[in-house]
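*Asks:* Would you mind keeping the following structure in view while I ask a few things?
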Amino acid sequence: MTFYMSGFRSIPKLWKSTSYFELGPATSPVSFFLTVYSITRNQHRWFSVKTTFPPNSEALNLLVAKARTLKKRNDRNWKVSSDHYFAAGTAKKRSHLNSNPQPREHALPNVSTIQLPTKPLSSKEWDKLKEDFNGKSNFEDWIISQMMHSSVSLDVAKSLLAWVAAKNNGIVGYGLLVKYLNLCVCHKQTSEVIDVYEIMKAKYKCLETGANTLLIRGLIHSDRWREALLLLEDMKKVMIPSRKNYDDCIQGALLHQDVNTAWSLYQELLDHNLIPLLETLKAFFDFGKDINDDYYSNKLLDILLYLRNNQLYPGESFVHSIKTWFESIPGRQWKGKFTTVQNSGQCSSCGRTLESIHLNAEEYELLKGRIMRDVIDGGDQYKKTTPQELKRFENFVNSCPPFDIVIDGLNVAKMFPKGRESQTLLSVVSQLAQKNLRLLVLGRKHMLFSSSRWRKDEMEQVQKLAHCFFADNISKDDPFLLYATLNSGNHCKFITKDLMRDHKACLPDARTQHLFFKWQQGHQLVVKKGFQKSTLTFQSTLSFDTVVQTTEDSWHIPYDEDLVQRSSYEVPTKWLCLQRETRAPAP
C-alpha cells in the first residue's frame, strides 16, 4: 500500500471531512480535514515527477578545469594595478596578494549521508529513510530544509507532509507548513501558495513575520495580489515592514499596472527612513519604458538624485535599464555609452570634467567642526587617548606652522614586515623632505628606545627632517592625525593605510559621512610597495567625486560591475555617460 497526500490543487481535492488535519495551535474554531487515500501503485499515478540525476562526471571535470583556468587568469590580472586606493575591487586584490594560504585538512561535518528522494515516497519508504537518518536534528525539519536548498520536485514535499499527517493523527506542525510554503514560493507555484494562504487565513488570526513575508512574495504574481497589501498593513500594526516587503508589494503593483499604488508604497518606504532595494528602483525604470508621462519621468529623475544624495551605485543590470529608459524617451535624443573617467576627472566618452572631489570652503569648515566635536573632543569610543595628552598635542600643533603632510609613523614603518621599521620610516621622510614639504610625523614613545627594529640614530634623523610628536604607547594615533591634518588647512594631506571607518561611523549624519569620505579620498596618500629600490611613489588619489552627476544635457552614473567585489569603503570605476543630442537648426 502507498499513502499519498495530494497537492493542494491536485485531482481529486483532499480537503475533505474524513481524517482530522490539525495545523498547530488553533486560534479559531475552524477545522480542516485530510483524506489520505490508500491506492496501489498499479492503479494510477498522481504525480508526474522528473528524476534529478547526479551530474555527469565528465561534465563536472570540465567545469572544474574551466574554473581553475579562470582563477589562474584572474590571479595574473591581480598582480599589476594602477587603481587608486579606494577603487572597487582593490581590497580583494590586496587580500589575495597578501595572503599565504596553507593546505589544510578539512574535516567533514557529521551529517546524514542519506540522499534526497527524487520522487514521492510511500509511508514505508519515508519510515525507512527516517531509520537511516543519523543526524542530530529533527528528521522532518532536516529533510524539508534540504529540499529548500535543492531542486527537488514539490511533489516530494507533498508526500512528506502526507506521511507526517498520517502518522500524527492528521497533525502537521506550523513550522513544517511554513517551510512547505517557502518551497511553493521558490518554485513559483502560485496556486499552491493561495491554498496554503487560505488555510492559514482561516485558521490563524495573525501570522508571524516569516509567514507574512512568504505569502506577500507568493501572492504578488496572482490576480489576488492586493491581498498582499492587506498582509503588509497587518505587519505595520506591530512593526515597520522590511524594505524587502515593500519591494515585493511595489513589484506586484507595477506588475499589475497600478502605478499610483507603487509610488505611494515607495514614498512610504522612504518616510520610514528605509533605503530601497536597487531591484525596487530598477523596476520603476523597467516599467517606465512604456510610459510617456512627464510626471513619471520626473519621478525617475528623482530616483537618480536619491542615488546621488545617498551615494548608492546601481549594478550592471540596473544601469542598463537606466540607459534603455533614457534612450526610449520620445523626442529627447538621449544616447548612452559605458565608459571610464580619467585620473584628471575627464569623462573618456564625452570629454566633460566631473565634479571635483575637493570640498569647498563651507563644506570644509562644516566637516572640520564635526570632526573636532564628534571624533576628537566627543565620545569617540575607539579613541584611547587621555584629555591631558590631547590638550598637549593641540598646544603643540598650534605652536607650529601649517603642515603639508601628516605621517602616521607607526603605520608607515610597518609597511615592510621584513625591513627595519626605523629605516623604512626614515626613507619615506627623507624623500618627502627633499621636496621642501613641511612634515609632521606622529608616533609612539616606544619608537624612541633603541632596539633591533628602532635604531636611535635613524629616529634622530627623522626628528631633524620633520616635526614629530610621540604619544603614549596606549594612545590611538588617528585622532591626532585627523586633528593635525584638518587644522593645517585644505591643502594638507596625510599618509596612512588606515581606512578610518571607525571615525567615519562616529559622524552624526549621512551628509557629514559623505563629506568625510570625499575629503579622505582626496587627501589620503598610500605609499606603493617597493619604493626603497626606486623613487617614492603613491597610489593615485581621486580628483573627482564618484556620485551620480548631472547637467542640463548630461548624466554621469557610476555603477558596480557584476564580477567585481566592492567593499563598502570603495567606489566603482565604471560609468554610464548619457548625453542629449541637439539637432543643428535647419538652414
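The values are calculated or read from the model by the stated rules, or taken from the named source; none is laboratory data. Every value quoted in this text rests on a predicted model; they were computed, and no experiment measured them. So basically every Cβ, Gly included, is an ideal-geometry build from the backbone, and we count neighbours across all protein chains shown. For the accessible areas, the whole protein counts, side chains as well, though only heavy atoms, and no ligand, DNA or RNA atoms are used. Shrake-Rupley method; radii C 1.70, N 1.55, O 1.52, S 1.80 Å.
*Asks:* Taking R0 as 30 Å, what FRET efficiency do you get between Phe396 and Ser450 from their Cβ-Cβ distance, rounded to the nearest 0.05?
*Replies:* On the way: r = 24 Å, r/R0 = 0.80.
After rounding, the FRET efficiency stands at 0.80.
*Asks:* Stokes-Einstein diffusion coefficient for segment 298-429 at 4 °C in a medium of 1.567 mPa s, Rh from the Kirkwood formula over Cα pairs: what value in µm²/s?
*Replies:* Details: Rh = 20.6 Å.
D = 63 µm²/s.
*Asks:* Would you work out what percent of the accessible area of segment 175-297, with all protein chains in place, is carbon or sulfur (probe 1.4 Å)? Each step should come with its number before you reach the end.
*Replies:* Values: 2810 of 5530 Å².
Solvent-exposed carbon and sulfur of segment 175-297 make up 51 percent of the total.
*Asks:* When the Karplus curve 6.51 cos²θ - 1.76 cosθ + 1.60 is applied with θ = phi - 60°, which whole-Hz ³J(HN,Hα) does each residue of segment 141-151 get, with x for Gly and Pro?
*Replies:* Result, ordered by residue: 5, 5, 5, 6, 5, 5, 5, 5, 10, 9, 9 Hz.
*Asks:* Please give the FRET efficiency for Lys136 paired with Asp562, using the beta carbon to beta carbon distance and R0 = 56 Å, rounded to the nearest 0.05. Provide the component values of the computation, followed by the final result.
*Replies:* Values: r = 39 Å, r/R0 = 0.69.
For Lys136 and Asp562, the calculated efficiency is 0.90.
*Asks:* Output the Kirkwood hydrodynamic radius of segment 105-214, Cα pairs only, in Å rounded to one decimal. Walk me through the numbers before you get to the answer.
*Replies:* Numbers: mean 1/r = 0.0665 Å⁻¹.
Kirkwood radius, segment 105-214: 15.0 Å.
*Asks:* Which whole-number value in Å² is the accessible area per residue of segment 422-555, probe 1.4 Å?
*Replies:* Working: 5640 Å² over 134 residues.
Ligands and nucleic acids excluded, the result is 42 Å² per residue.
*Asks:* Just the accessible area per residue of segment 301-419, please: how many Å² with a 1.4 Å probe? Intermediate results must be reported in sequence, preceding the final value.
*Replies:* On the way: 5960 Å² over 119 residues.
Per-residue accessible area for segment 301-419 comes out at 50 Å².
*Asks:* Sorted by mean Cβ packing within 10 Å, highest first, what order do the peptides 479-489, 164-174 take?
*Replies:* Working: 479-489: 21.7, 164-174: 17.0.
Order by mean packing, descending: 479-489, 164-174.
*Asks:* Quick one: Karplus J couplings for segment 161-178, per residue in order, coefficients 6.51, -1.76, 1.60, θ = phi - 60°, nearest Hz, x for Gly and Pro?
*Replies:* Each residue's phi maps through the Karplus curve to give 5, 5, 5, 4, 5, 5, 8, 10, 6, x, 8, 10, x, 4, x, 5, 5, 5 Hz.
*Asks:* Further, regarding this structure: Of Lys335/Lys493; Lys136/Lys205; Lys435/Lys518; Lys418/Lys574, which ones are farther than 31 Å apart at the Cα? Could you put the intermediate results ahead of the total?
*Replies:* Numbers: Lys335/Lys493 39 Å; Lys136/Lys205 34 Å; Lys435/Lys518 26 Å; Lys418/Lys574 37 Å.
Violating the 31 Å Cα-Cα cut-off are Lys335/Lys493; Lys136/Lys205; Lys418/Lys574.
*Asks:* Kindly rank 229-235, 535-541, 553-559 from highest to lowest mean number of other beta carbons found within 10 Å of each residue.
*Replies:* Numbers: 229-235: 16.7, 535-541: 14.3, 553-559: 21.0.
In decreasing order of mean packing, 229-235, 535-541, 553-559 become 553-559, 229-235, 535-541.
*Asks:* Let me ask something additional. Under 5 Å between amide hydrogens, which residues at least 5 positions from Arg352 or on another chain qualify, with H placed 1.01 Å from N in the peptide plane?
*Replies:* Sorted by chain and number, the residues that satisfy this are Cys347.
*Asks:* Starting with the highest mean, order 350-356, 195-201 by the number of other Cβ atoms within 10 Å, averaged over the residues of each peptide. The partial results should precede the final answer.
*Replies:* On the way: 350-356: 14.0, 195-201: 19.0.
Result, highest mean Cβ count within 10 Å first: 195-201, 350-356.
*Asks:* Run through all the Cα pairs of segment 241-303 and give the fraction in each 5 Å bin from 0, expressed as whole percent.
*Replies:* 4, 18, 34, 27, 12, 3, 0
*Asks:* Hey, another quick one. Counting C-alpha atoms alone, how compact is segment 173-212: give Rg to one decimal and Dmax as a whole number, in angstrom.
*Replies:* When restricted to the Cα atoms of segment 173-212, Rg and Dmax are 9.5, 27 Å.
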